[in-house]
Ligand SMILES: Cc1ncc(COP(=O)(O)O)c(C=O)c1O
């Protein structure tokens, strides 16, 4: 039977997706939520509810969620403390014609906890916060060019990088992404650089001397930066009069309550946070030193929903809980245990798969030379884990609700899955074992 004719394991999900494709261009709002990112027709596409470390899909299956809301859930789904605070806030009004004191309270809290924060602006999501930081940096310096390293959202300033002749983003992020709809006049204003290479960055700055407003980059994701690298970036910024912006949207308070900048001991001029800071409620923040943030008061940066009380309350409550429960410490410990457990299982099964990366963001690494076979093995892993109630990629977004039960179930599922992959490789049957097409890793990242 052809794979596309095979009966799906998740009929209700697939029926909804077909309906979505008729009325929603692209089917989903976020590329990472497209079903071809996981095991198409096997993995869930639509959830009906979630609690703690788990969610239930529209076909009635229960899953441990190893993607944690694409990184937006840090305490666990429907966290009782945050949700109670939000529910109380809803009863007092979600938004007003005037401001609410939470806006000031949260700004003061962020200034206390994040080393570079002396002033704060709000947004509703990560890409928007990045666009705001870039606007401020251009306004402060009077320069247009931005050097970047990492993923920073969907806005024109960023996708403009692909207007360049050699399609700069192709080698970094979405292979083949088209800058359709981005003004051609922005060509040459956003230039990517490779992570870890100070010489390349220095050359790029020299080549664009006096024109670079800012360097924006993810400080780290799953691996530690090379020794002295981020301090080197900071020095280069200072030498060239460019503003150093850390994009902490994914790393952020996973590593420390003061962000990756506190964890790594390198303090940027500005930083952006979103996702995990509000445990799933829409919120983004731009923070920075007074000299760079204050001029924003004279720029047009304004929106109705940036001061809604739900996002403010959720963020304040999430930050309090992350500190009170020492979530970064908890994730380190849990992630170390997960890595250890997966290595033991892989060893016992006799499959050459490692579990690498920092403890708070572990990922599996299949040692398979043939790239096609490796892609098939990763898809088989996602497929078989989904069938055993574990939803994820071959990497893990941890959250604080994951505990011993999730660890035990996941290690048991991994054992069975690793055996299937091992035998599939030995019998040259990996492709036959797939009940779906090979997963599309649309999101090739520059910062690992
Ligand atoms: C580092 C980084 N920057 C920016 C973004 C964009 O955030 P959002 O999807 O909330 O617009 C993301 C999202 O994955 C991210 O990981």
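The values are calculated or read from the model by the stated rules, or taken from the named source; none is laboratory data. Not measured: the values here are computed from a predicted model. Cβ sites come from the backbone with ideal geometry, for glycine too, and all protein chains shown count toward neighbours.
Of everything listed in (1) under 28 Å from residue 339 (Cα atoms); (2) touching a helix residue (DSSP H, G or I) at 6+ places or on another chain (Cβ under 6 Å), the single unmet condition for residue 36 is (2).
Residues in the stretch 362-377 that are buried (at least 21 other Cβ atoms within 10 Å of the Cβ) and within 20 Å of the chain's Cα centre (by Cα): 362, 364. Between residues in the stretch 220-241 that are under 19 Å from residue 262 (Cβ atoms) and residues that are surrounded by fewer than 20 Cβ atoms within 10 Å (Cβ to Cβ) and at pLDDT below 95, which pairs lie under 7 Å by C-beta distance while being six or more apart or on different chains? Note: pairs meeting the criteria are 221/445; 221/448; 222/448; 223/448.
Of the residues making up the stretch 16-35, those that are in contact (Cβ under 8 Å) with a residue 12 or more places away in the chain and under 20 Å from residue 70 (Cα atoms) are 17, 30, 31, 32, 33, 34, 35. Highlighted here are the helices (runs of 4 or more DSSP H) found entirely within the stretch 244-315 that include at least 1 residues which are within 13 Å of the ligand (Cβ to nearest atom) and closer than 30 Å to residue 223 by Cβ: 252-255, 259-264. State whether the residues of the stretch 346-361 include one that is within 16 Å of the ligand (Cβ to nearest atom), surrounded by 22 or more Cβ atoms within 10 Å (Cβ to Cβ) and assigned to a loop (DSSP other than H, G, I, E, B). So far as the stretch 346-361 goes, yes, one or more of its residues are within 16 Å of the ligand (Cβ to nearest atom), surrounded by 22 or more Cβ atoms within 10 Å (Cβ to Cβ) and assigned to a loop (DSSP other than H, G, I, E, B). Looking across the stretch 317-345, the residues that are more than 20 Å from residue 397 (Cα to Cα) and either at pLDDT below 95 or surrounded by fewer than 22 Cβ atoms within 10 Å (Cβ to Cβ) (or both) come down to 320, 324, 344.
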